[in-house]
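To start, the structure under review is shown below, and the notes come after it.
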Amino acid sequence: MADVPSVVEVRAQRASKPRVRQGTVADIPAFRALGEAVVPPTYGPIDEAYAQRMLDEWWIPEVFEKSLARNAHLVAEWDDEVVALADLGRLSQSYRQFPHVTGDREVMWKLYVHPDHHGRGIGSRLLAEVESMVEGEELWLEVVDGNDQAYDFYVARGFREVERVTDRQWPDDVWMRKTLGTRPR
Ligand SMILES: CC(C)(COP(=O)(O)OP(=O)(O)OC[C@H]1O[C@@H](n2cnc3c(N)ncnc32)[C@H](O)[C@@H]1OP(=O)(O)O)[C@@H](O)C(=O)NCCC(=O)NCCS
């Protein structure tokens, strides 16, 4: 019976979940699997073609390799399985163009939790970790218009809508910002 964890040990294990660590290229297959699990239910109801485009153009190994080279990635593991991903980088480092923006922004490009693990505090935990990594006083992010669950999640955590970027072909991007203020370094 020596290997059976005690109630205290089990409680300690649960309290320490999820485990958060930096993402690496070794995680790319797990990122793709996460995308296949979370992108269709998130964006399919908004625009099915857009959900497919996301998977085909952005959740692919080549794009993850580029983004791992320039952005900070955090992963959350639950029972040694990657169940969530966050990605923080600078707008000026992105391969996309943002003609409406002057200056630079620190942007959380991704925050995705596997649907089986929603509501367990993983998204909040990763967001808090990302906020602690921001060098300036503001954290920005984009939400797809119609992703109301995520929009409400961010509003509840201090983000405010700043602007909408309209695209005739695809759903609009809603830009949100949170002022973090000065913190001890
Ligand atoms: C939005 C998201 C990142 C939140 O992460 P999470 O780990 O589920 O959130 P937490 O457990 O830390 O907090 C729960 C909060 O999320 C909200 N939530 C959103 N979707 C939820 C779901 N399916 N189940 C439970 N809670 C959900 C709850 O209302 C709760 O908000 P509140 O505390 O303000 O009431 C996650 O639901 C997700 O990955 N959604 C799909 C992908 C997505 O839209 N990502 C954002 C792209 S911009």
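Of the residues 45, 29, which single one is within 15 Å of the ligand (Cβ to nearest atom) and exposed (fewer than 13 other Cβ atoms within 10 Å of the Cβ)? Can you show your working first?
Numbers: 29 fails: within 15 Å of the ligand (Cβ to nearest atom).
One residue alone meets the criteria, 45.
Pick from the stretch 131-153 the residues that are in contact with a Pro (Cβ under 8 Å, 6 or more places away or on another chain) and not in a strand (DSSP E or B): which of them is least open to solvent (accessible area, probe 1.4 Å)? Write out each step before concluding.
Taking the stretch 131-153 and keeping what is in contact with a Pro (Cβ under 8 Å, 6 or more places away or on another chain), we get 144-146.
Right, trim to not in a strand (DSSP E or B) and you get 145-146.
Working: 145: 60, 146: 41 Å².
Checked the stretch 131-153; the qualifying residue least open to solvent (accessible area, probe 1.4 Å) is 146.
Being in a helix (DSSP H, G or I) and within 15 Å of residue 30 (Cα to Cα) is the filter here; which residues of the stretch 41-66 pass it?
Of everything in the stretch 41-66, those that are in a helix (DSSP H, G or I) and within 15 Å of residue 30 (Cα to Cα) turn out to be 55, 61, 62, 63, 64, 65.
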Tell me, yes or no, whether the stretch 15-26 has at least one residue that is open to solvent by 60 Å² or more (accessible area, probe 1.4 Å), modelled with pLDDT under 95 and either among the aromatic types (Phe, Trp, Tyr) or in a helix (DSSP H, G or I) (or both). yes
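Among the residues of the stretch 136-151, which ones are more than 15 Å from the chain's Cα centre (by Cα) and within 14 Å of the ligand (Cβ to nearest atom)?
Taking the stretch 136-151 and keeping what is more than 15 Å from the chain's Cα centre (by Cα), we get 136-138, 145-146, 148.
Once the filter is applied, which keeps residues that are more than 15 Å from the chain's Cα centre (by Cα) and within 14 Å of the ligand (Cβ to nearest atom), the stretch 136-151 yields 145, 146, 148.
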Failed condition for residue 108, given (1) of a type outside the set (Ser, Thr, Tyr); (2) within 15 Å of the ligand (Cβ to nearest atom); (3) under 15 Å from residue 38 (Cβ atoms), with all others met? (3)
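May I ask you to list the residues in the stretch 114-130 that are open to solvent by 30 Å² or more (accessible area, probe 1.4 Å) and more than 11 Å from the ligand (Cβ to nearest atom)?
Going residue by residue through the stretch 114-130, those that are open to solvent by 30 Å² or more (accessible area, probe 1.4 Å) are 114-116, 118-121, 124-125, 128-129.
Result: 129, single match.
Taking the stretch 154-182, which residues are out of contact with any strand residue (DSSP E or B) (no Cβ under 9 Å at 6 or more places or on another chain) and open to solvent by less than 70 Å² (accessible area, probe 1.4 Å)? Before the answer, list the steps.
Let us first name the residues in the stretch 154-182 that are out of contact with any strand residue (DSSP E or B) (no Cβ under 9 Å at 6 or more places or on another chain), namely 156, 168-169, 181-182.
Across the stretch 154-182, the qualifying residue is only 181.
Has the stretch 88-99 got at least one residue that is on the phi < 0 side of the Ramachandran plot, near the ligand (Cβ under 9 Å from one of its atoms) and in contact with a helix residue (DSSP H, G or I) (Cβ under 8 Å, 6 or more places away or on another chain)?
Within the stretch 88-99, not a single residue is on the phi < 0 side of the Ramachandran plot, near the ligand (Cβ under 9 Å from one of its atoms) and in contact with a helix residue (DSSP H, G or I) (Cβ under 8 Å, 6 or more places away or on another chain).
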Is there a residue in the stretch 100-108 that is open to solvent by 50 Å² or more (accessible area, probe 1.4 Å), charged (D, E, K, R) and in a strand (DSSP E or B)? no
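Within the stretch 82-95, track down each residue that is under 15 Å from residue 108 (Cβ atoms) and either of a type in the set (Phe, Trp, Tyr) or open to solvent by 70 Å² or more (accessible area, probe 1.4 Å) (or both). Before you say what the answer is, go through the steps one by one.
The initial filter retains those residues of the stretch 82-95 that are under 15 Å from residue 108 (Cβ atoms), namely 84-91, 93-94.
Residues satisfying the conditions are 90, 93.
The values are calculated or read from the model by the stated rules, or taken from the named source; none is laboratory data. Note that the structure is a prediction, hence the values are computed from the model and not measured. Here the Cβ is made from the backbone with ideal geometry for all residues, glycine too, and neighbour counts use every protein chain on show. The protein model used for the area step is the full one, side chains on, heavy atoms only, and it has no ligands, DNA or RNA in it. Shrake-Rupley method; radii C 1.70, N 1.55, O 1.52, S 1.80 Å.
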